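Worksheet: the structure to be examined is printed underneath.
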Amino acid sequence: DQQVKQNSPSLSVQEGRISILNCDYTNSMFDYFLWYKKYPAEGPTFLISISSIKDKNEDGRFTVFLNKSAKHLSLHIVPSQPGDSAVYFCAASESNNDMRFGAGTRLTVKP
Amino acid sequence: DTGVSQNPRHKITKRGQNVTFRCDPISEHNRLYWYRQTLGQGPEFLTYFQNEAQLEKSRLLSDRFSAERPKGSFSTLEIQRTEQGDSAMYLCASSLISGGAEKLFFGSGTQLSVL
């Protein structure tokens, strides 16, 4: 069962523009949401997180938005840089147990 | 290097053979996870340990799979009588919960190819 879904397998944006990556979930008990970034031949690395009591968390160029009523979250990267090109995974957990990952979105930032 | 270390990086084996992978977590982390990832998919949870106790196992983990974490330090994942469907990247991650969202720190994975 896919409790975390990333429906866009790929996204291409121009350097300097905004990248918006989307994620939907089905389990209303999820209370922590995270984004991970993965380069080829490396494991995923933590990028940013948000708890269900918030609707926005910002860290530099990265902002995560959470819409609990729609069971939707998004990651905004502004401005996008070529080094941001990677696969981005959305993840969610219930009370920090059994973290579930989406299938990932491959972001390509063109110079 | 104080990150999560996984060995070997690559493993090629014939169907029916047994394989064992090792994971060395970040030393102060008390949780250790095993995930499996196939092409085009995200990591799928297999099992996790809190210290030396194995707390949860996914239904993906058939009886051919066994994981151990003796003394709450490194962990091993063994697959017996490998099948071609076991071909995947096996990822290990460790974490230390200290309030807020649990952040997993992943190793680079072991790529298993079953011929």
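Annotations
- Longest segment of chain B lacking GluC sites (Glu not before Pro) that sit in a DSSP loop with at most 12 other Cβ atoms within 10 Å: B:29-82
- Aspartates and glutamates with Cα under 13 Å of B:K14, excluding same-chain neighbours fewer than 8 positions away: B:E83, B:D86
- Straight-distance crosslink candidates among aspartates and glutamates, where the alpha carbon sits under 13 Å from B:K57 and sequence neighbours closer than 8 are dropped: A:D98, B:E44, B:E68
- Lys pairs, chain A - Cα-Cα below 23 angstrom, 8 or more residues apart or on other chains: 17
- Per-residue average of Cβ from other chains inside 10 Å of A:93-105: 5
- Computed over the alpha-carbon pairs of the range A:1-61, the distance histogram in 5 Å steps reads 4, 12, 20, 26, 24, 10, 4, 0 percent, short to long.
- ³J(HN,Hα), Karplus 6.51/-1.76/1.60, whole Hz, each residue of the range A:73-82, x for Gly, Pro: 9, 9, 10, 10, 10, 9, x, 6, 10, x
- Model label sites at A:Q81 and A:S95, defined 7 Å from Cα along the beta-carbon direction, differ in position by 4.0 nm.
- GNM result for chain B, Cα springs below 10 Å: residue of B:L39, B:L96, B:L55 fluctuating most strongly: B:L39
- Cut-off 15 Å (backbone N to label point 7 Å along Cα→Cβ of B:T13), residues of the range B:61-101: B:62-68, B:76-91
- Exposed loop positions in chain B were taken to be trypsin sites (Lys or Arg not before Pro) whose DSSP state is not H, G, I, E or B and which have at most 13 other beta-carbon atoms within 10 angstrom. Between these positions, the longest stretch is B:16-58.
- Nitroxide proxy distance, nm - points 7 Å out along Cα→Cβ at B:T20 and A:Y39: 3.3 nm
- Within the range B:13-47: backbone nitrogen closer than 15 Å to the B:L96 label point (7 Å, Cα to C-beta): B:25-32
All of the numbers you see were taken from the coordinates with simple rules; none came from a lab. The structure displayed is predicted, hence computed values, not measured ones. Note that each Cβ is placed from the backbone with ideal geometry, even for glycine, and that neighbours are counted across all protein chains shown.
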